[in-house]
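**Student:** My structure is below; once you've seen it, I'll send some questions.
The values are calculated or read from the model by the stated rules, or taken from the named source; none is laboratory data. This structure is a prediction, so every number in the text was calculated from the model and none was measured. FYI the Cβ positions are ideal-geometry reconstructions off the backbone, even for glycines, and counts take in every protein chain you see.
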Amino acid sequence: MFRFLGVENLTVSLDGEAVIKDLSFELNQGENLAIIGPNGSGKTVLLKTLLGLLPYQGEIKWAENVRLGYVPQKIDADRHLPITIQNLLSAKVRALGLPFSEVARAITSAGLTEKIQKTPVGHLSGGQFQRALIAFALLGHPNVLLLDEPTASIDEPGEAQIYELIHELQDKEDMTVILVSHDLSFVYRYATKVLCLNKINICFGAPEETLTPSVLENLYGGPRKYYHHIHNGNKHA
Amino acid sequence: MTIGEIYSLILAISGAAAAGVIGSFALMKRTVIAGDVMSHIAIPGLGLAVIWSINPLVGGGATLLLGSMLIWHLEKKTTLSTEAAIGVIFASSVALGALLIGSNEELIDALFGGFGSISAPEFAFGIAASVAVIVAIWMLKDKLIIGLFSPELASATKINVGLLNLWFLLLFSLTILSGLRFLGALLAGALIIVPASAARQLTHSLGAFIFTSALLSVLSVVFGFLISRAYNLDLGPTVVVVAAGFFALSLLKKKV
């Protein structure tokens with residue numbers, strides 16, 4: 001393991017107002033970082049800043065060989081767009097000059113069937129849509145996957161499957177994962193590090209050691225009701 | 001049919017094909033209305049061309065270029081005032097153009113078009129512009145598709161979305177410019193919007209949509225030309241009415 005990402009004194013302002021203040025943390029290769037925090041705490045902004053989409057002050061240092069894959073929060077795709085998963089994936093493959101065999105690989109890796117390629121994106125179920133976004137992110141062989149609440153629009157069984165898929169990808173392709181989540185059970189199950197964010201860094205470290213009731217109370221401004229019964233959940237390797 | 005008419009028809013058909021192609025993307029981008037307003041921005045340019053006795057394409061082209069930049073800046077801001085600003089630009093362009101043009105006959109030509117006689121450079125420019133639009137859209141199509149789906153995802157894929165939008169507006173302006181001669185400023189946008197809307201009703205895949213949009217646009221010009229000749233009607237309005245007819249038929253098809 002070596003240092004894969006170093007963030008030092010990061011401040012991000014939108015319209016003159018600081019959304020993230022003086023944030024520092026670091027991450028090693030192969031880790032799974034969960035970013036948690038209340039609404040408006042700067043989680044999505046942090047992800048976009050790490051992707052290089054927003055201007056910032058401070059330092060963000062990625063390892064030299066980094067290839068980022070991004071799965072955004074639910075996209076309000078126009079249901080009437082005549083664009084299929086295949087159109088979308090082929091467009092990225094051509095735009096980036098990747099080999100065309102990447103499309104089939106990404107579709108299989110994301111747990112989608114070949115048949116679904118011809119379905120317009122507006123007609124996909126929540127779970128299929130999320131997998132399509134993951135397939136899109138997997139084109140170009142990323143070694144870091146950044147996901148913004150990937151299960152926000154999915155029912156519970158689907159949610160578990162998506163988390164399982166992310167975990168599987170991480171294992172198989174030796175990926176580092178940075179994931180924004182509301183779901184603390186996910187954090188305990190899969191995350192190796194957790195970053196509690198509320199504009200500033202409230203906690204950072206391994207979930208079992210870091211997420212004390214007082215930290216969670218401080219973060220969410222009240223006791224987190226399902227904290228105790230999930231604390232004993234078995235962490236996957 | 002005279003040689004002049006044949007050249008004009010070839011020019012109109014190539015312009016229509018470009019309009020159909022760019023129209024399909026404009027429809028998906030939902031920039032149809034902003035684009036339609038852009039054609040009106042040509043009117044003050046046409047007026048200035050009349051006053052200074054320069055080629056109308058130069059005058060129209062200059063104000064269209066200005067309009068593209070203006071709408072590009074406005075589109076970056078997603079406030080409600082954008083629509084209001086576009087409305088103001090539309091109304092003031094028509095009014096300013098009307099004042100500048102002065103003569104009623106020339107105003108009607110500027111608004112509704114007409115073939116007139118076409119010079120060799122105009123013919124060459126028109127064909128080159130149409131080919132350039134189609135080739136450029138073909139080259140940009142992958143980035144446009146990703147941008148249509150999600151501008152955010154496009155940025156994360158290292159696509160410069162702002163620049164892409166500017167390119168699109170400039171190509172849109174070029175398409176309007178090549179249609180300005182025979183459709184006029186009021187109707188030049190119609191050949192971009194109407195066939196694409198009909199094609200969207202009739203097709204389910206991206207490739208078929210773009211192709212059908214271009215085909216219906218070309219057919220509107222061909223039938224419009226034949227009907228306007230047979231019944232001695234103005235060409236521009238006839239072409240647009242034929243395109244609207246295709247759209248009406250496409251609505252029937254959807255219900256079957």
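**Student:** Could you look through the stretch B:28-55, keep only residues that are closer than 21 Å to B:ILE193 by Cβ and not in a helix (DSSP H, G or I), and pick out the one that is farthest from the other protein chains (Cβ to nearest Cβ)?
**Tutor:** B:ILE41
**Student:** Counting only residues that are free of Cβ contacts under 8 Å to residues at least 40 places away in the same chain and within 7 Å of chain A (Cβ to nearest Cβ), which one in the stretch B:143-153 is surrounded by the most Cβ atoms within 10 Å (Cβ to Cβ)?
**Tutor:** Ranking the candidates gives B:ILE146 first.
**Student:** Report yes if some residue within the stretch B:112-133 is within 16 Å of B:ALA49 (Cα to Cα) and of a type in the set (A, V, I, L, M, F, W, C); otherwise report no.
**Tutor:** Within the stretch B:112-133 (the criterion being within 16 Å of B:ALA49 (Cα to Cα) and of a type in the set (A, V, I, L, M, F, W, C)), the answer is no, since none of the residues qualifies.
**Student:** In the stretch A:75-87, is there at least one residue being within 10 Å of chain B (Cβ to nearest Cβ) and either in a helix (DSSP H, G or I) or at positive phi (or both)?
**Tutor:** Yes, that holds for at least one residue.
**Student:** Additional query: Within the stretch A:56-74, track down each residue that is on the phi > 0 side of the Ramachandran plot and within 10 Å of another protein chain (Cβ to nearest Cβ).
**Tutor:** Keep residues of the stretch A:56-74 that are on the phi > 0 side of the Ramachandran plot, which gives A:58.
Correct list: empty.
**Student:** Could you please find all residues in the stretch A:105-118 being loosely packed, with under 14 Cβ neighbours inside 10 Å and either under 20 Å from B:LEU206 (Cβ atoms) or touching a residue at least 40 places away in the same chain (Cβ under 8 Å) (or both)?
**Tutor:** A:GLU114, A:LYS115, A:LYS118
**Student:** Here's a follow-up. Which of (1) within 16 Å of the chain's Cα centre (by Cα); (2) closer than 21 Å to B:LEU46 by Cβ does B:VAL218 not meet, given it meets every other one?
**Tutor:** All conditions pass for B:VAL218, except number (2).
**Student:** Additional query: What tally of residues in the stretch B:106-130 results from selecting those that are of a type in the set (S, T, N, Q) and either under 18 Å from B:LEU27 (Cβ atoms) or surrounded by fewer than 18 Cβ atoms within 10 Å (Cβ to Cβ) (or both)?
**Tutor:** Within the stretch B:106-130, residues that are of a type in the set (S, T, N, Q) and either under 18 Å from B:LEU27 (Cβ atoms) or surrounded by fewer than 18 Cβ atoms within 10 Å (Cβ to Cβ) (or both) number 2.
**Student:** Only one of these is of a type in the set (Ser, Thr, Tyr), at the interface with another protein chain (Cβ under 10 Å from one of its Cβ atoms) and closer than 26 Å to B:SER250 by Cα: B:SER217, B:SER205, B:SER197. Name it.
**Tutor:** Unique residue meeting the criteria: B:SER205.
**Student:** Kindly evaluate A:ASP148 against the criterion of being charged (D, E, K, R) and surrounded by fewer than 18 Cβ atoms within 10 Å (Cβ to Cβ).
**Tutor:** no
**Student:** Can you tell me which residue within the stretch A:167-205, out of those that are farther than 27 Å from A:GLU8 by Cβ and aliphatic (A, V, I, L, M), is modelled with the highest pLDDT?
**Tutor:** Here the answer is A:LEU169.
**Student:** Picking from B:VAL133, B:VAL58, which residue would you name as being crowded, with 18+ Cβ neighbours inside 10 Å, in a helix (DSSP H, G or I) and modelled with pLDDT of 75 or more?
**Tutor:** B:VAL133
**Student:** Name the residues in the stretch A:218-237 that are among the hydroxyl-bearing types (Ser, Thr, Tyr), modelled with pLDDT under 75 and surrounded by 13 or more Cβ atoms within 10 Å (Cβ to Cβ), would you?
**Tutor:** Result: A:TYR227, single match.
**Student:** Also, I was wondering about something else. Does B:LEU140 count as within 14 Å of chain A (Cβ to nearest Cβ), under 26 Å from A:THR44 (Cβ atoms) and under 20 Å from the mean Cα position of the chain (by Cα)? Before you say what the answer is, go through the steps one by one.
**Tutor:** On the way: within 14 Å of chain A (Cβ to nearest Cβ): yes; under 26 Å from A:THR44 (Cβ atoms): no; under 20 Å from the mean Cα position of the chain (by Cα): yes.
Considered against the rule, which asks whether it is within 14 Å of chain A (Cβ to nearest Cβ), under 26 Å from A:THR44 (Cβ atoms) and under 20 Å from the mean Cα position of the chain (by Cα), B:LEU140 comes out as no.
**Student:** Oh, and also: Quick one: which of A:ALA104, A:ALA132, A:ALA137 is within 9 Å of chain B (Cβ to nearest Cβ) and either at pLDDT 85 or above or part of a loop (DSSP other than H, G, I, E, B) (or both)?
**Tutor:** Step by step, each of A:ALA104, A:ALA132, A:ALA137 is checked, and only A:ALA137 is within 9 Å of chain B (Cβ to nearest Cβ) and either at pLDDT 85 or above or part of a loop (DSSP other than H, G, I, E, B) (or both).
**Student:** Let me ask you something else. So is A:LEU165 buried (at least 21 other Cβ atoms within 10 Å of the Cβ) and in contact with a Ser or Thr (Cβ under 9 Å, 6 or more places away or on another chain) or not?
**Tutor:** Criteria not met by A:LEU165.
**Student:** Follow-up question, since we're still on this one. Sort out which residues of the stretch B:200-229 are without any contact (Cβ under 8 Å) to a residue 12 or more places away in the chain and among the aliphatic types (A, V, I, L, M), and write them in order of number.
**Tutor:** Answer for the stretch B:200-229, where residues must be without any contact (Cβ under 8 Å) to a residue 12 or more places away in the chain and among the aliphatic types (A, V, I, L, M): B:ALA208, B:LEU226.
**Student:** Which of the residues belonging to the stretch A:107-125 are under 16 Å from B:SER150 (Cβ atoms) and either assigned to a helix (DSSP H, G or I) or more than 9 Å from every other protein chain (Cβ to nearest Cβ) (or both)?
**Tutor:** Across the stretch A:107-125, the qualifying residues are A:VAL121, A:GLY122, A:LEU124.
**Student:** Take the stretch B:156-173 and flag every residue that is assigned to a helix (DSSP H, G or I), within 14 Å of chain A (Cβ to nearest Cβ) and crowded, with 20+ Cβ neighbours inside 10 Å.
**Tutor:** Residue satisfying the conditions is B:ALA156 alone.
**Student:** Also, quick follow-up: Could you check A:LEU133 against (1) touching a helix residue (DSSP H, G or I) at 6+ places or on another chain (Cβ under 7 Å); (2) among the aliphatic types (A, V, I, L, M); (3) buried (at least 22 other Cβ atoms within 10 Å of the Cβ) and say which number it fails?
**Tutor:** (1)
**Student:** Return yes when B:SER197 is of a type in the set (Gly, Ala, Ser) and either buried (at least 24 other Cβ atoms within 10 Å of the Cβ) or free of Cβ contacts under 8 Å to residues at least 60 places away in the same chain (or both) and no when it is not.
**Tutor:** no
**Student:** Among A:LEU5, A:LEU89, which is the only one that is within 19 Å of the chain's Cα centre (by Cα), modelled with pLDDT of 90 or more and buried (at least 18 other Cβ atoms within 10 Å of the Cβ)?
**Tutor:** A:LEU5
**Student:** If you go through the stretch A:206-217 one residue at a time, do you hit one that is modelled with pLDDT of 80 or more and either over 13 Å from the mean Cα position of the chain (by Cα) or part of a loop (DSSP other than H, G, I, E, B) (or both)?
**Tutor:** yes
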